[in-house]
Amino acid sequence: MSRDQAHQAAGPGTGTVAAPPPPGTEIPYLELLARDASPEMYERPVLLARAEGLPAERIAALEHAKLLALRVRAELEGRRRREAELSALFETAHDLAGLRDVDAVLRAIVQRARSLLGTDTAYLSLNDPERGDTYLQVTEGCVSARFQQLRLGMGEGLGGLVAQTARPYVTEDYFQDARFRHTLTIDAAVRDEGLVAILGVPLMLGPHVIGVLYAADRRARVFEREQSALLGSFAALAAAAIDATNLLTETRTALAGLERANEIIRDRSSVIERASEVHDRLAELVLRGGGVADVAAAVSEVLGATVEFTETGTAPAEALEASRSEGHAVRHGTDWIAALVAGGESLGALILRGHPDLDPVDQLTLERAAMVTSLLLLARRSAAEAERRVRGELLDDLLDARDRDPRLLRERAARIHADLDATHVVLAARLDAPTADADEEAAARRRLWSAASHLAATRHGLAAARDGGTVLLLPLADGDGATELARRTARDLGTAVSQPVTVGASAPVTGLADRPDAVAAAYAEGRRCLDALHLLGRGGDGAAAEDFGFLGLLLAADRDVGGFVERTIGPLVAYDARRGTDLLSTLDAYFACGMSPARTKDTLHVHVNTVAQRLERVGRLLGADWQTPSRALEIQLALRLHGLTGPRRI
């Protein structure tokens with residue numbers, strides 16, 4: 001125990017600072033606190049010490065520790081009580097949030113108030129504005145029928161006083177309290193119930209009292225301030241429940257009004273149906289890809305008059321402003337003007353020419369056409385903005401769609417400030433250290449995609465998410481090389497995502513719009529380079545296929561080249577050695593011919609069935625997945641290394 005704690009334990013007004021108790025004095029009291037023992041048990045250590053004849057200092061220390069322990073116990077009990085109170089308030093608030101039956105919520109409030117305050121009864125009264133009194137709505141623990149049917153006039157009894165003054169009142173002895181007006185009816189009902197101590201708090205909706213919440217005992221009792229505050233909190237929740245019920249009633253009334261309005265609408269169904277048909281026709285036109293001129297032509301046909309679209313600056317300003325402010329088409333001479341508005345912005349107007357007499361249905365048709373035209377203009381604008389933001393769509397088309405119109409590709413690229421006729425490099429980027437957690441891995445890939453998109457936008461390139469990583473198409477600056485660009489991109493992306501990023505680059509390519517397969521082929525080349533970097537243990541680095549640097553590094557490093565060849569194509573080498581076959585040459589030619597059996601048979605001057613049989617044998621020796629990109633790259637590297645290092649005995 002600290003000196004300050006000892007001083008506090010000594011109590012105010014002692015004038016002295018109590019010395020810390022001897023070590024071990026507090027242990028029995030800590031055990032009592034841990035067991036949540038009754039207050040009487042805290043006397044036992046002192047009594048035992050006296051019975052054993054311990055020194056006076058020891059007994060005084062135990063007395064001191066006892067006082068501190070009792071104080072801690074009281075504090076813990078207070079905290080548990082407050083926790084129970086808060087829990088009850090939370091549960092009541094939860095009941096209120098899912099309000100279905102206001103009586104059930106009020107009953108739960110009264111029950112919890114009675115339980116937490118530990119009173120014999122609790123009850124709730126509501127004011128009756130028509131009769132000018134208050135009556136009991138919910139009771140808990142009450143046994144007298146006369147009491148439960150009691151009505152109190154304003155200012156009568158303790159409850160009437162609370163309802164009249166909007167202030168809480170408490171009485172320790174109801175019948176001896178002269179602060180409120182007693183009546184024979186109220187006193188008789190209270191006497192039947194046997195109530196003595198009563199606490200009442202008002203239920204408030206704004207400045208108005210709508211009722212009273214009570215807690216009462218059948219014996220004299222002093223209600224503490226905290227208990228009054230707790231009952232007031234329950235009263236506030238009860239008032240909120242009643243207010244919610246009132247709102248539901250108002251909502252039902254509003255719905256009834258809407259139903260009546262709906263009946264009026266049904267009376268004019270013919271008008272609405274015609275307008276709806278026109279709207280459907282316009283919607284179908286827009287869905288087919290029609291433009292503003294098509295909408296104007298369709299409305300002209302329906303109305304039998306000329307309808308034109310005009311920009312904001314060329315429409316009559318006064319009529320345009322009137323239509324915009326009123327939200328309806330307005331007459332201007334022999335014409336009708338319908339403003340096109342979206343988000344408070346004026347987009348122009350539809351003008352119906354030479355048709356001064358327009359019935360309400362045709363006016364509604366013109367207004368609907370204006371709304372559809374506004375949405376069409378807004379959608380076209382949003383589409384253009386989205387295309388500028390989503391550069392990946394163009395890159396996906398370059399990678400996948402081989403029959404795109406080069407002119408359209410150039411136009412789309414120009415809108416996002418990209419030049420497909422410039423020299424570009426395709427880069428395949430992938431995180432070097434994937435995590436086991438799927439959510440973390442997905443988040444890391446999203447960060448990589450975001451960083452790549454930003455990099456592409458700043459360098460007038462393109463980026464798209466693909467194959468668990470990201471592919472970028474970046475222009476090659478003068479004096480720059482593909483290798484330098486790959487390394488710089490790996491460094492920039494790694495810094496942006498705070499983890500290593502490996503980047504493989506293709507050789508520079510040109511004329512992307514006119515060569516349908518150029519981007520896909522370059523991407524495949526970049527991915528092969530990327531896989532090679534991982535194979536060589538150069539994760540987090542960047543390299544280009546143009547310099548074939550990974551082969552030189554592999555040969556120069558202290559790596560088990562022979563072991564790699566043996567693990568990768570060892571079964572083929574052994575098979576050729578035992579059987580005198582030529583599977584290695586067949587496989588080498590197969591990869592050199594772009595994995596095409598037809599071209600392979602021409603290179604080897606054999607029948608295509610022979611190629612197929614040999615490849616089937618390769619599959620049985622190397623495994624069914626030998627043609628997947630990662631395995632194919634390893635096999636090609638092993639074939640190249642085997643050819644460079646010479647045959648090896650298996």
Fill in: Pairs with Cβ under 7 Å, 6+ apart, first in segment 302-315 and crowded, with 17+ Cβ neighbours inside 10 Å, second modelled with pLDDT under 75 and hydrophobic (A, V, I, L, M, F, W, C)
V302/V278
Worksheet item: Can you tell me which residue in segment 187-222 is surrounded by the most Cβ atoms within 10 Å (Cβ to Cβ), limited to those that are in a helix (DSSP H, G or I) and small (G, A, S)?
Response: A189
Worksheet item: Hey, which of the strands (runs of 3 or more DSSP E) in segment 449-514, taking only ones fully inside, have at least 1 residues that are of a type in the set (A, V, I, L, M, F, W, C) and under 10 Å from V425 (Cβ atoms)?
Response: 469-475, 501-505
Fill in: For R131: the one exception among (1) surrounded by 22 or more Cβ atoms within 10 Å (Cβ to Cβ); (2) among the basic types (K, R); (3) farther than 22 Å from L230 by Cβ
(1)
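The rows are residues; the columns are (1) in a strand (DSSP E or B); (2) under 52 Å from the mean Cα position of the chain (by Cα); (3) at pLDDT 85 or above.
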residue	(1), (2), (3)
N127	yes, yes, yes
E130	no, yes, yes
T134	yes, yes, yes
Q137	yes, yes, yes
V143	no, no, yes
R146	no, no, yes
V162	no, yes, yes
R167	no, yes, yes
Worksheet item: Here are some residues: R617, R648. Which one is at pLDDT below 80 and either touching a Cys at 6+ places or on another chain (Cβ under 7 Å) or surrounded by 13 or more Cβ atoms within 10 Å (Cβ to Cβ) (or both)?
Response: R648
Worksheet item: assigned to a helix (DSSP H, G or I), within 14 Å of L639 (Cβ to Cβ) and free of Cβ contacts under 8 Å to residues at least 40 places away in the same chain - does that describe any residue in segment 602-610?
Response: no
Practice prompt. Could you tell me whether any residue of segment 483-494 is aliphatic (A, V, I, L, M) and more than 32 Å from the chain's Cα centre (by Cα)?
Written response: yes
Worksheet entry | Of residues in segment 574-587 being at pLDDT 90 or above and under 12 Å from L615 (Cα atoms), the one nearest to the chain's Cα centre (by Cα) | L587
Worksheet entry | Residue among V110, V102 that alone is more than 17 Å from A189 (Cβ to Cβ), modelled with pLDDT of 80 or more and β-branched (V, I, T) | V110
Practice prompt. Taking the residues in segment 466-482 that are under 22 Å from D531 (Cα atoms) and touching a Gly at 6+ places or on another chain (Cβ under 7 Å) as candidates, determine which candidate is surrounded by the fewest Cβ atoms within 10 Å (Cβ to Cβ).
Written response: L474
Worksheet item: Residues of segment 107-123 being in contact with a helix residue (DSSP H, G or I) (Cβ under 6 Å, 6 or more places away or on another chain) and assigned to a helix (DSSP H, G or I), which ones?
Response: A108, I109, R112, A113, L116, L117
Worksheet, complete the sentence: Residue count, segment 564-601, condition surrounded by 18 or more Cβ atoms within 10 Å (Cβ to Cβ) and part of a loop (DSSP other than H, G, I, E, B), comes to 0
Practice prompt. Inspect all residues belonging to segment 77-86 and state whether any of them is modelled with pLDDT under 65, crowded, with 16+ Cβ neighbours inside 10 Å and not in a helix (DSSP H, G or I).
Written response: no
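The values are calculated or read from the model by the stated rules, or taken from the named source; none is laboratory data. Remember, predicted model here, so these are calculated numbers, not experimental data. Neighbour counts are summed over all protein chains in view; Cβ atoms, including those assigned to glycine, are modelled from backbone coordinates with ideal geometry.
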